[in-house]
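The values are calculated or read from the model by the stated rules, or taken from the named source; none is laboratory data. Quantities reported herein were computed from a predicted structural model and do not represent experimental measurements. Here the Cβ positions follow ideal geometry from the backbone for every residue, glycine too, while neighbour counts run over all protein chains shown.
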Amino acid sequence: MRKIYKYNFISKFKTANIISLFLVITSVILIFFKGLNFGIDFKGGTLIELRVDSINIKISDVRSSFSDMDLGDLNVKEFGKKGDYLIKFEKKKFNTENNIKTIKDNVKNKLKSDVNFRRVENVGPKVSAELLNSGLLAISLALAAMLFYIWIRFEWQFSLGSILAIFHDVLITIGIFSLLSLEINLSIVAAVLTIVGYSMNDTVVIYDRIRENLSKFSSLKISDIANTSINETLSRTIITSVTTLLALISIFVLGGAILRGFSLAMIIGVLIGTYSSIFVAAPILKYLNVSYKSIAKEKEEN
Amino acid sequence: MLNFSKIKILFIYLVFFLISIFCFSNFSQLEEYFFKKKINLGLDLQGGSYLLLEVDSTPLQKRHLQSKVIPLKKKLIENKINFENFKIIEKKISFKISKDDINKFEKIFKSKKNNDINVFLNQYNSFELDFEFLNNKVVINHSKTGIINLNTSVVDQSIEIVRKRIDETGTKESSILKRGSNRILVELPGIKDPERIKELLGKTAQLTFKMVTTDPSEFGNETFVLKDTQEKIMVSKRIILTGDNLIDAKPRFDNINQEPIVAFTLNRLGSQRFGQATSKNIGKRIAIILDNEAISAPVIKDSITGGQGTISGNFTFQTATDLALLLRSGALPAPLSVVEERTVGPDLGQDSIEAGVISLFVGFILVILFMAFKYRLFGIIANVALISNLLMLLGFLTLIEATLTLPGIAGIILTVGMAVDANVLIFERIKEEIHKENSNNIQAFDTGFKRSIVTILDANITTLIASIILFIFGSGPVKGFAVTLSVGLITTLFSAYFISRHLISIVVFKNREKKLLV
């Protein structure tokens, strides 16, 4: 390969990998020790979004209007526009005497104002456990399906590399959610699955090129081939990330409070996914000593 | 790769036209067949209530086991199996037999033919009941499949009654579906406050008429506290009439006592029974019991033979109306409880639509500007492909009458961002080919396309796998995201592979010698 490429990624692999390892370990520690802020989808409970028109009502008034009703752990925050509040509480089950209607009436009486209940969600304990299980199952299945697809299309080294890159992305994204105590709900599962797809997409583009170059320049070392391939695909990697981020930032800023968590998770995921396809997926091939020979040999054996 | 036959070109644009034309039917007011298809708005966008109901079949399991007691005892005696300590506790029947008889018992209990004690369920290849033998004690309970079977039949019966009750409240366009073996999903578009419907669905409305008795020695008496007067009464076990015998019920106003009442009409069998019972028991009291609560116990003044009667019991006009509605629509075989509820007000839905459309528009403009800036002429080609992609995506969603949710709109925006990837891959590859020596425009474009298409397929299939899995496991609004993302990937492939390739070929053949894309 005669051409000298602008960027030497190989020299930065080591530093990048140490940072990645540190981030992954920190994320795992955060997830285990700090825990995740599960929303009512996965924890069970009740969520109420309400709007009050009166300017005199403060967040403390909203909070106190919900207390004294034995609702369990109560969380009140401002949500989107002024006068919009999101209230979450632990209570999962209601009976005929104490139900959502009585809560609504109580709140209206205490706030002495007309309250617009914009959204009421209640998830029982059984359903929340099922939703969590099916969410985890969906993510695991998606990973397994990706693994299988890459294994068919490429060699096992590529499969391993891409899966490690995805784990890296998902763990760090969830780690950031844990660090910032952002809520994990159903739409975050959707975001994580999309990140899995996006990160895979990005990795596949680079891997495709590495594989092509491996057979073209069979005498070159894998690290040189990886560097060439990353450089060749670099502008595509960046342009696609930029357009995807443009769309996501538009959702984050203008899409309303409900989509904010989802789009934030996606933005983090796209940034990390782009980084990992260069700095995680490619070096793994180097560590596994992938060469034209090793791959050709394996093919013969099969 | 760059040669298109006339037929192929025609075919490409015909497909594009036929699919994308459907997106206009969303804006058309015509009621013709072709324009009837529309994208449905999810409950999170149009406002409405989503209720997931779960059947509690425990009382039914008990009743079902109770019905087995007599035939079981009979069978044991017939086969000369000695048993003692026969008990029915909770959801279990237990009795003691000697070890020597257990094989004999098992043979009877697990016989597949004409077994009236333990029915063999062909569709599950298993029995409805199971038994355990421990310390000379046989314990019978429902098998897993037995419970599923029971749940399924309860759900099937309940769905009809749930539908009737909801229809009676005047709710339009409700959708009532079975979910799993023991759940019913109710979607009520436009309902802002589902409390009344929840209340109506929360009652089984099992109505019985039984005689009040004063003889405490009678077997199976039950004691109730009357709801209207708080008086304690004893009620005989024998059922005179149930809600099944009712054909109609209406709220009325009783002018004599100045209170709302419920007037009911009985079917023929019901009228006969009611007539007999009332004429025999003039002067006695009859208890009206609803869901294990005694509403009232009026004195029978005269025999009632016309099949018409009334129920009083301190009703308000609302409770009388609700009771009449419940009696009209029939009793639920088992209690239902709400295990998940999501209600979105119409104004929040409207806000979400606005926010979604604005962010779609802005995201779209940003991407288009970026591409035009980055690739100039070819950026415009990519943008034409992107617009046709979006039209086809909307057309396809209309064609399959998909349900659009807020995450679904996010899926469309994300498709916009990711769709240009295919074009970027192609352009970047072509650039590389051009930079290589001794290749002319056409050759470079041709190889560029060939090489990039494999990558495009690989990259999009992985995302498609993720979104299909999300579709299978996702629930509610998230499913809408999976739908738009999957459809978006397919239309992206079409627009990149056919439309932008064709547009590029036109440009390339017109400018054979000019430097392009550099």
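Taking B:L177 and the conditions (1) away from chain A (no Cβ under 14 Å); (2) in a strand (DSSP E or B); (3) surrounded by 14 or more Cβ atoms within 10 Å (Cβ to Cβ), which numbered condition does it fall short on, given that it satisfies the others?
(3)
Per-residue answers, yes or no, for (1) assigned by TED's automatic domain parsing to the domain that holds B:S388; (2) in contact with a Cys (Cβ under 9 Å, 6 or more places away or on another chain); (3) within 25 Å of B:L10 (Cα to Cα):
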| site | (1), (2), (3) |
| --- | --- |
| B:V416 | yes, no, no |
| B:I426 | yes, no, yes |
| B:N440 | yes, no, no |
| B:N460 | yes, no, no |
| B:I469 | yes, no, no |
| B:G474 | yes, no, no |
| B:L493 | yes, no, yes |
| B:F498 | yes, no, yes |
| B:K515 | no, no, no |
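I'm trying to understand the selection: among the residues of the stretch A:233-253, which are surrounded by fewer than 20 Cβ atoms within 10 Å (Cβ to Cβ), without any contact (Cβ under 8 Å) to a residue 40 or more places away in the chain and more than 19 Å from the chain's Cα centre (by Cα)?
Listed by number, the residues that qualify are A:S235, A:I238.
Show the residue pairs meeting these rules: Cβ distance below 6 Å; 6+ apart or different chains; first residue within the stretch B:456-481 and closer than 30 Å to B:R429 by Cα and within 8 Å of chain A (Cβ to nearest Cβ); second residue part of a helix (DSSP H, G or I) and of a type in the set (S, T, N, Q).
Between residues of the stretch B:456-481 that are closer than 30 Å to B:R429 by Cα and within 8 Å of chain A (Cβ to nearest Cβ) and residues that are part of a helix (DSSP H, G or I) and of a type in the set (S, T, N, Q), the close pairs are B:A459/A:N201; B:T462/A:N201; B:T463/A:N201; B:S467/B:S486.
For the condition in contact with a Gly (Cβ under 7 Å, 6 or more places away or on another chain), under 22 Å from B:L464 (Cβ atoms) and at pLDDT below 90, what is the one hit in A:A190, A:A247?
Values: A:A247 fails: at pLDDT below 90.
Among A:A190, A:A247, only A:A190 is in contact with a Gly (Cβ under 7 Å, 6 or more places away or on another chain), under 22 Å from B:L464 (Cβ atoms) and at pLDDT below 90.
In the stretch B:184-217, which residues are part of a loop (DSSP other than H, G, I, E, B), touching a Ser or Thr at 6+ places or on another chain (Cβ under 6 Å) and not hydrophobic (A, V, I, L, M, F, W, C)?
Once the filter is applied, which keeps residues that are part of a loop (DSSP other than H, G, I, E, B), touching a Ser or Thr at 6+ places or on another chain (Cβ under 6 Å) and not hydrophobic (A, V, I, L, M, F, W, C), the stretch B:184-217 yields B:P194, B:T213.
Taking A:I268 as meeting all but one of (1) free of Cβ contacts under 8 Å to residues at least 12 places away in the same chain; (2) under 30 Å from A:E49 (Cα atoms); (3) surrounded by fewer than 23 Cβ atoms within 10 Å (Cβ to Cβ), write down the number of the exception.
Among (1) free of Cβ contacts under 8 Å to residues at least 12 places away in the same chain; (2) under 30 Å from A:E49 (Cα atoms); (3) surrounded by fewer than 23 Cβ atoms within 10 Å (Cβ to Cβ), the lone unmet condition for A:I268 is (1).
Pick from B:I453, B:I442: which is within 14 Å of chain A (Cβ to nearest Cβ), surrounded by fewer than 23 Cβ atoms within 10 Å (Cβ to Cβ) and part of a helix (DSSP H, G or I)?
On the way: B:I442 fails: within 14 Å of chain A (Cβ to nearest Cβ).
Within the list B:I453, B:I442, the selection yields B:I453.
Wholly within the stretch B:308-400, which helices (runs of 4 or more DSSP H) include no fewer than the required count, namely at least 2 residues that are of a type in the set (F, W, Y) and within 14 Å of another protein chain (Cβ to nearest Cβ)?
B:346-375
Working only within the stretch A:200-232, note down all residues that are surrounded by 20 or more Cβ atoms within 10 Å (Cβ to Cβ) and more than 9 Å from chain B (Cβ to nearest Cβ).
A:I206, A:I210, A:R211, A:N213, A:L214, A:I222, A:I225, A:A226, A:N227, A:T228, A:S229, A:I230
How many residues does the stretch A:134-165 hold that are facing chain B (nearest Cβ under 10 Å) and not basic (K, R)?
As a first pass, look at the stretch A:134-165 and keep what is facing chain B (nearest Cβ under 10 Å): A:134-146, A:148-150, A:153-154, A:162.
Retained after the next criterion (residues that are not basic (K, R)): A:134-146, A:148-150, A:154, A:162.
Of the residues in the stretch A:134-165, 18 are facing chain B (nearest Cβ under 10 Å) and not basic (K, R).
Return a yes/no flag: does the stretch B:407-428 have any residue that is over 25 Å from A:T194 (Cβ atoms) and among the acidic types (D, E).
no
Working carefully through the options B:V225, B:V262, find the one that is exposed (fewer than 14 other Cβ atoms within 10 Å of the Cβ) and either in contact (Cβ under 8 Å) with a residue 60 or more places away in the chain or within 14 Å of chain A (Cβ to nearest Cβ) (or both). So that I can check it myself, show each step before the final result.
Numbers: B:V262 fails: exposed (fewer than 14 other Cβ atoms within 10 Å of the Cβ).
Being exposed (fewer than 14 other Cβ atoms within 10 Å of the Cβ) and either in contact (Cβ under 8 Å) with a residue 60 or more places away in the chain or within 14 Å of chain A (Cβ to nearest Cβ) (or both) holds for just one of B:V225, B:V262, which is B:V225.
Inside the stretch A:265-291, can you point out the residues that are out of contact with any helix residue (DSSP H, G or I) (no Cβ under 6 Å at 6 or more places or on another chain) and within 14 Å of chain B (Cβ to nearest Cβ)?
Hit for the stretch A:265-291 is A:L271, nothing else.
Matching residues to (1) at pLDDT 90 or above; (2) closer than 25 Å to A:Y149 by Cβ:
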| residue | (1), (2) |
| --- | --- |
| B:N441 | no, no |
| B:V454 | no, yes |
| B:A459 | no, yes |
| B:L470 | no, yes |
| B:T484 | yes, yes |
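Give me the helices (runs of 4 or more DSSP H) completely within the stretch B:1-114, filtered to those with at least 1 residues that are within 14 Å of another protein chain (Cβ to nearest Cβ) and in contact with a Pro (Cβ under 8 Å, 6 or more places away or on another chain), ordered by residue number.
B:43-46
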